[in-house]
Amino acid sequence: MERRLLKGLDWRLLGVVLVLGLLGLLAVASATQFQRERPETWGFVLRQAAWLALGVGVMAASLAFDYHLLARWTRPLYALNLLLLLAVRLFGREALGARRWLQVGPLDLQPSELAKILLIVTLAAHLAAREGKMERWRDLLLSLLHVLPPVLLVLSQPDLGTSLVFVAILAGMLYVAGVPGRRLAGIGLAGLGAAVAAVVAHFRWGLWLPLRDYQLKRLIVFVDPESDPLGAGYHILQSKIAIGSGRLTGQGFFTGTQNRLSYLPEQHTDFIFAVIGEEWGFLGGALVILLFLLLLERGLRTLALARDLFGALLAAGAVSMIAFQVLVNVGMTMGVMPVTGIPLPFVSYGGSSMITNSLAVGLLLNVHLRRRKILF
């Protein structure tokens, strides 16, 4: 790649991502050292380090082509997205009450993670082709129908968290595409009302929902986790205890009580922020949140500088995806959001999540790199 082109690279964004990845390695190391059910220790850290390195490679590879080329492949990419999600439904491996993984040789892949990026790309092309028309209800409904099939396929796994990420991506991209904010708010409130009504009808009259009972209980019990302290409320209570015990500076690296005694569930994945809060305290948690705010600021700057609507929509999708995941993950560890199984980007343990978020940052870097015509 030409050196002049590389001068336009957003090095600050890349630096923030690398720092988050390194902090994630430290948090995963602490979260996996004392797990009784998993005698393996440093293997988690080594795999996470390999995925972080692969993520950096993915970001670098994403710069090798002009992002406008993606618009030419939207139909095959949309078909690929649906085929992968259907394959999970038909041939996927079931674990923890959900069918979300495809076994490919020695690897377990989670297509719903890749589906986030494929949705961003295909929806960006769909909306860019209707530039200036998104105030019309017809074009808005077509955009909603574009997102509906992958949402339903993911929800049927069942994976409520990823389905909600899709909705957040849709909302952010529709707003940038020109849909009035009041209309989006109205649709959101109507959707929330319909969801609440469906849950009430499920418990009163047995209405079928594509969710397990434990998932529904988690959605409800976060309002009062003490009502089921050893069941659906256990995750939230233990997480709040861990974060609260960290106070200002934390209990110290490798010394968190909740973490070491394995009271904190899923501490290396969904509840990694609780480990950070317990061992690094308020200051450590604030540092992580500040880094995410810097990442999102760079993403919004890229959106504002994009040379066309397609680039702005790609940036909007990536920013919406990362922002929603951070908001929900941090919120559920503090007990202000229901437990939905959304990992913390670049920090939680997991290869599929790492690669997906790296692809999102790769889109941001690509759009920023080509934000203006390069003169040679």
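The values are calculated or read from the model by the stated rules, or taken from the named source; none is laboratory data. Everything numeric in this text was worked out from a predicted model, so none of it was measured. Heads up, the Cβs are rebuilt from the backbone with ideal geometry, glycines too, and the neighbour counts pull from every protein chain shown. Only protein heavy atoms, including side chains, enter the accessible area calculation; ligands, DNA and RNA are left aside. Shrake-Rupley method; radii C 1.70, N 1.55, O 1.52, S 1.80 Å.
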Listed by range, helices (runs of 4 or more DSSP H) wholly within the stretch 228-311 having at least 1 residues that are in contact (Cβ under 8 Å) with a residue 12 or more places away in the chain and at positive phi are 272-305
Of all residues in the stretch 237-251, which are in contact with an Asp or Glu (Cβ under 6 Å, 6 or more places away or on another chain) and open to solvent by less than 30 Å² (accessible area, probe 1.4 Å)? ALA242, GLY246, GLY250
Can you pull out the residues in the stretch 72-91 that are more than 16 Å from GLU113 (Cβ to Cβ) and exposed (fewer than 13 other Cβ atoms within 10 Å of the Cβ)? ARG72, ARG75, PRO76, ALA79, LEU90, PHE91
Please go through the stretch 12-41 and pick out each residue that is surrounded by fewer than 19 Cβ atoms within 10 Å (Cβ to Cβ), within 20 Å of GLN251 (Cα to Cα) and either modelled with pLDDT under 90 or among the polar types (S, T, N, Q) (or both). GLN33, PHE34, GLN35
Please verify whether ALA124 is of a type in the set (Gly, Ala, Ser) and modelled with pLDDT under 95, treating the condition exactly as stated. no
Are any of the residues in the stretch 262-278 open to solvent by 30 Å² or more (accessible area, probe 1.4 Å) and of a type in the set (A, V, I, L, M, F, W, C)? no
Quick check on my filter: what residues within the stretch 332-359 are more than 17 Å from LEU114 (Cα to Cα) and in a helix (DSSP H, G or I)? MET332, THR333, MET334
Take the stretch 92-109 and flag every residue that is in contact with a Gly (Cβ under 8 Å, 6 or more places away or on another chain) and at pLDDT 75 or above. ARG100, TRP101, LEU102
For the stretch 143-156: of the residues being open to solvent by 10 Å² or more (accessible area, probe 1.4 Å) and in contact with a helix residue (DSSP H, G or I) (Cβ under 8 Å, 6 or more places away or on another chain), which is farthest from GLN110 (Cα to Cα)? LEU144
For the stretch 256-286, give me each residue that is of a type in the set (Val, Ile, Thr) and in contact with a Lys or Arg (Cβ under 7 Å, 6 or more places away or on another chain). none
The lone exception for LEU211 - which of (1) of a type outside the set (Ser, Thr, Tyr); (2) open to solvent by 20 Å² or more (accessible area, probe 1.4 Å); (3) free of Cβ contacts under 8 Å to residues at least 24 places away in the same chain it fails: (3)
Which residues, taken from the stretch 1-11, are open to solvent by 30 Å² or more (accessible area, probe 1.4 Å) and modelled with pLDDT of 80 or more? TRP11
Tell me the residue from ILE289, ILE355 that is more than 23 Å from ALA60 (Cα to Cα) and within 17 Å of the chain's Cα centre (by Cα), please. ILE289
